[in-house]
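Here's the structure, in structure tokens; my notes come after.
The values are calculated or read from the model by the stated rules, or taken from the named source; none is laboratory data. What you are looking at is a predicted structure, and each value in this text was computed from that prediction instead of being measured. Using ideal geometry, Cβ is built from the backbone for each residue, glycine included, and neighbour counts are taken over all protein chains shown. Accessible surface is based on the protein model in full, side chains and every heavy atom, while ligands, DNA and RNA are left aside. Shrake-Rupley method; radii C 1.70, N 1.55, O 1.52, S 1.80 Å.
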Amino acid sequence: MSVEAAPRTFRPSLSGHSPLTVLAYIIVTVALVVAVAGPWLITQDPLMFSADVNMPPGNGHILGTDDAGQDVYSRLVVGTGLSLFYGASAALVALVIGSVIALLAMALGRPTEIALFAFIDLIRALPGILFALACIVAFEPGVGSVVLALGVSFAPNFALITRATYLQQMAQPYTSAAKVLGAGRLRIALVHVLPNIAGALITQFAMILPRCIVSESVLSFLGLGVSPETPTWGRMIASATSYIEEAPHAALAPIIALSLVTFALAIVGNSIRKRFNVSRKSVTL
């Protein structure tokens, strides 16, 4: 017999993890610390221009300077916070749009469910980056458009997770008891089902976050994201590629940071998914 427990809290732990997973957690932790403490870690104004263009590391510049004479280290530190913030914002928009709309559609009945997920299948048929580009063109380039476009393009991932877990939860005894007591489908979905699928949504958020960060960097690289002077990783890479032979350090720094953090986030998201699956099995009697 399977008994659905009350909403559970996820407690991350590094015990039993592989060295690679532990390293991923460390990288993510360092990135978060840098993002929060960025203003106290920079050595120079990241927006300040100078005549010392494309200088190699040294002479007061830990990672050298770029083609505008700006300090690469300071821009990388500030860019860590900006890239994580924009990526997390897009993932949060995707979570809210996908989960809320899917829950409402499931609660309103079969016709609404069929119509919504037919539209979701249409969105999923397009590559995510192309759909985001179409959304940005429909509005105008900028941070808000990028966050909204990425949120809409990744919302189907959360909608599908919500649908699957909703159907699973509706087969549990506690939802049948709520029906007997006279609770409507919408109330059951929002009051009873939603708290029990929160863990699955959090896991999906952790796995979508690195994809949002990479997508934001790609859009910024194409000049459709933040303004040119804003030091996100994508903008730094875009500015440095024209001078890759003269100042390879200016491009390598954000490329390495982007690669390490997104790779680490993907591993952490997979780790959370596995631990949540184990925690769900532990309540099966």
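Summary table
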| quantity | calculated |
| --- | --- |
| Of all residues making up segment 231-252, the number that are under 15 Å from L47 (Cβ atoms), hydrophobic (A, V, I, L, M, F, W, C) and not in a helix (DSSP H, G or I) | 0 |
| Subset of segment 264-285 [open to solvent by 80 Å² or more (accessible area, probe 1.4 Å) and either part of a loop (DSSP other than H, G, I, E, B) or modelled with pLDDT of 90 or more (or both)] | S282, L285 |
| Lone unmet requirement of (1) assigned to a helix (DSSP H, G or I); (2) more than 20 Å from the chain's Cα centre (by Cα) for P228 | (1) |
| Candidates A91, A102 - the one that is farther than 23 Å from V143 by Cβ and modelled with pLDDT of 85 or more | A102 |
| Pairs with Cβ under 7 Å, 6+ apart, first in segment 139-165 and under 16 Å from A198 (Cβ atoms), second open to solvent by 50 Å² or more (accessible area, probe 1.4 Å) and not aromatic (F, W, Y) | A159/I101 |
| Segment 88-111, residues that are surrounded by 14 or more Cβ atoms within 10 Å (Cβ to Cβ) and more than 28 Å from V28 (Cα to Cα) | V100, I101, A102, L103, L104, A105, M106, A107, L108 |
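Quick grid of which residues meet (1) over 24 Å from Q204 (Cα atoms); (2) modelled with pLDDT of 85 or more; (3) touching a helix residue (DSSP H, G or I) at 6+ places or on another chain (Cβ under 9 Å):
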residue	(1), (2), (3)
P12	no, no, yes
H17	no, no, yes
T21	no, yes, yes
D45	yes, no, yes
F49	yes, no, no
L63	yes, yes, yes
G69	yes, no, no
